[in-house]
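The values are calculated or read from the model by the stated rules, or taken from the named source; none is laboratory data. Model, not experiment: these values are computed from the prediction. Backbone-built Cβ (ideal geometry, glycine too); neighbour counts: all protein chains shown. What goes into the accessible areas is simple: the full protein's heavy atoms, side chains included, and nothing from ligands, DNA or RNA. Shrake-Rupley method; radii C 1.70, N 1.55, O 1.52, S 1.80 Å.
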Amino acid sequence: MDVNKNLTIRFSDLNYYGTDGLLKNKQKQILKNINGRFQGGELTAIVGPSGSGKTSLLNAIARYRRKGISGNIKVNGDDIKLYKNQIAYVMQESHMYGLLTVLESMKYAVKLKIGIPLSPAIISKISKILKMFSLEGHEKTFVKHLSGGQCKRLSIALEIINDPKIIFLDECTSGLDSASSYQCIKLLRQLVYKGHTIICTIHQPSTLMLEMFDHIYAVANGQCIYQGSLKNLLKFLKEIDFQCPQTYNPIDYLMEIANDIYGERNCDLINQIENGRNENFCHSLKYEERSETDEFEAYPIPTFNSQLLYLMQRNVSIILRDFTYTYFRLFAHLFLGVLVGFTFWQIGNDASSVFKDFRLLIGVMILLVYTSLYSQITLFPTHNKVIKRECFNNWYSPRIFNIALFITDCPITIVCVLLFLIPMYIMTNQPPELFRFGSCFLILLLLSYNSQNIGLLAGSVKSVLLALIIAPFLMIHQIALSGTFILQKDAHPLIGSLFKTTFLNYATEGMKITIFGFNRTQLDCDDIYCHYAKPEKLLQFLQLNSTYEEVIIVMTLYMIILRIIIMMIVNFQLKAK
């Protein structure tokens, strides 16, 4: 494939059926046998009334939506799938990480999309792009502090760093004032001069703005009502007996016709333009006339290891700057550990308080379950749109993102468990033996990982509110069958068999073995008689159903299986569009 070749998009008989209704069981046809051509090296505007199918058309052609799509989409006569790496999609909202600076965002875009070191040539290219987008001087500004127009320009800059030949933009001027909108279109114009093919949807464009577009593609009710140059629009309207007033913006007049202000005449427009097949009103500039056209460089495909490394670096930068997520999470675990330690002060070696000690272990696990669960529950809903944009634009795959997320969160999870366990263990006077402390730490760490996975699983629904509702339901059977409220030996045989389906039950078994097993010496007794002074008697009463080795193996398998399920769900959600 010649990366410097001008790319023209043609689509024919394009249909898009969306779903409607409460249960998404009703089909609604949004695009109706629509046709058209977007000439390479041109700036194209897709216009139309609200709800006409502009964004649906853009999403279908860019393959951002795939379900319910039928028809042919070709790039220079080939299937558009072959040009996946030559396409970039800039969404209507600028979804980026606010805790990265402008320069860091650009550097990570280079690393993830191209996978090459930041050579002086790449740094120079980044500087040129930032200057082109009027972002010079803002290199050290955090993205969250940028204005709406600056965010929009940065979102475009991030996607052109690897020189995609085709750029799709959805409502590129939405939310911007007239000056910022004009500047945005002017920047797109400069990119066209450099050889990019740009297609964008635009709402209520001014005449001054429209004059910068080479090609206008108008839709109404999912069908094409005009395609061609702005200059030929008046000629097109005259041929079907429409006379645009001299003081009118021609596009505004066309939109009034599309909205049936002059009667139901859309069928006349559709018939005249043959639903996009008629190209007589197009006036395409020759590619050779673009005197500023740049040569596009064919960059290598990044390796798995390089993308994983760069994602981990970016995650660490964001985590260290996120006070709410990181430092409050650490403080909360330390606070809870100290609080539990004071509540159960020095009971760990007291034979008369052995059941208090058991309740302590249960409380410790329940607290850790919920702190871990809610530390991850909002992760996917809050970052889903960023992940979706970056995965679609070939920054990385969902699988790499999940692996990087797990690895970078591991140190924080380990520190959180230690901050919780150390004060609790010492203040409650648990056995001062290193192997018991280590065993307890390992079980609580695995419990924390499994609880995080439940949180991630609940958060995969994309809605924070729905995730907060689902998460407790996912934990109900874990807690009910954990051996805390009712022992497995006292449960009905049918219910008893379900205890083996919960990782929290194995954690309970493991904690009983760790604290009271391993031939622990006799506990202190200040009373005349302490029945459970020998810890093995308590274990006989509680009845162990698993060995320590089984606990570790099963909890590890739970962790791996849950993580694989999460990866599959996220991967499906990002690809099933």
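Might you let me know whether the stretch 123-139 holds any residue that is touching a strand residue (DSSP E or B) at 6+ places or on another chain (Cβ under 9 Å) and without any contact (Cβ under 8 Å) to a residue 40 or more places away in the chain?
Yes, some residue in the stretch 123-139 is touching a strand residue (DSSP E or B) at 6+ places or on another chain (Cβ under 9 Å) and without any contact (Cβ under 8 Å) to a residue 40 or more places away in the chain.
Of all residues in the stretch 544-574, which are without any contact (Cβ under 8 Å) to a residue 12 or more places away in the chain and aliphatic (A, V, I, L, M)?
553, 557, 560, 561, 564, 568 - these are the residues of the stretch 544-574 that are without any contact (Cβ under 8 Å) to a residue 12 or more places away in the chain and aliphatic (A, V, I, L, M).
Every residue in the stretch 135-158 that is part of a loop (DSSP other than H, G, I, E, B), under 21 Å from residue 122 (Cα atoms) and out of contact with any Lys or Arg (no Cβ under 7 Å at 6 or more places or on another chain), please.
Here is the first cut: in the stretch 135-158, the ones part of a loop (DSSP other than H, G, I, E, B) are 135-141, 146-147.
Going one step further and asking which of them are under 21 Å from residue 122 (Cα atoms), we end up with 135-141.
The answer is 136, 137, 138, 139, 140, 141.
Need a quick list: helices (runs of 4 or more DSSP H) entirely within the stretch 206-272 having at least 1 residues that are over 30 Å from residue 190 (Cα atoms).
On the way: elements: 207-210, 233-239, 250-258.
Correct list: 233-239, 250-258.
Quick one: in the stretch 308-358, of everything that is of a type in the set (D, E, K, R) and over 22 Å from residue 98 (Cα atoms), which residue is surrounded by the most Cβ atoms within 10 Å (Cβ to Cβ)?
The qualifying residue surrounded by the most Cβ atoms within 10 Å (Cβ to Cβ) is 357.
All but one of (1) under 22 Å from residue 39 (Cβ atoms); (2) open to solvent by 60 Å² or more (accessible area, probe 1.4 Å); (3) under 28 Å from the mean Cα position of the chain (by Cα) hold for residue 211; state the number of the condition that does not hold.
(3)
Filter the stretch 527-577 down to residues that are touching a Lys or Arg at 6+ places or on another chain (Cβ under 7 Å) and assigned to a helix (DSSP H, G or I) and give me whichever is modelled with the highest pLDDT.
The residue in question is 567.
Go over the candidates 521, 484, 514, 508 one by one and state the one that is at pLDDT below 70, under 26 Å from residue 429 (Cα atoms), over 33 Å from the mean Cα position of the chain (by Cα) and not aromatic (Phe, Trp, Tyr).
484
Here is a yes/no grid of residues against (1) surrounded by fewer than 24 Cβ atoms within 10 Å (Cβ to Cβ); (2) of a type outside the set (Gly, Ala, Ser); (3) in contact with a Ser or Thr (Cβ under 8 Å, 6 or more places away or on another chain):
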residue: 441; (1), (2), (3): yes, yes, no
residue: 457; (1), (2), (3): yes, yes, no
residue: 469; (1), (2), (3): yes, yes, no
residue: 472; (1), (2), (3): yes, yes, no
residue: 477; (1), (2), (3): yes, yes, yes
residue: 480; (1), (2), (3): yes, no, no
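Is at least one residue of the stretch 178-191 out of contact with any Cys (no Cβ under 6 Å at 6 or more places or on another chain), open to solvent by 20 Å² or more (accessible area, probe 1.4 Å), in the same structural domain as residue 60 (by TED's automatic domain parsing) and of a type in the set (Lys, Arg)?
yes
I'd like the full set of residues that are open to solvent by 50 Å² or more (accessible area, probe 1.4 Å) and at negative phi, limited to the stretch 542-557.
544, 545, 547, 549, 550, 553, 557
Yes/no matrix, rows are residues, columns are (1) touching a strand residue (DSSP E or B) at 6+ places or on another chain (Cβ under 6 Å); (2) modelled with pLDDT under 90; (3) assigned to a helix (DSSP H, G or I):
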{"site": "33", "(1), (2), (3)": "yes, no, no"}
{"site": "40", "(1), (2), (3)": "yes, yes, no"}
{"site": "44", "(1), (2), (3)": "yes, no, no"}
{"site": "51", "(1), (2), (3)": "no, yes, no"}
{"site": "73", "(1), (2), (3)": "yes, no, no"}
{"site": "83", "(1), (2), (3)": "yes, yes, yes"}
{"site": "92", "(1), (2), (3)": "no, yes, no"}
{"site": "105", "(1), (2), (3)": "no, no, yes"}
{"site": "109", "(1), (2), (3)": "no, no, yes"}
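Just one of the numbered conditions (1) under 12 Å from residue 47 (Cα atoms); (2) open to solvent by 10 Å² or more (accessible area, probe 1.4 Å) is not true of residue 251; which one?
Unmet condition: (2).
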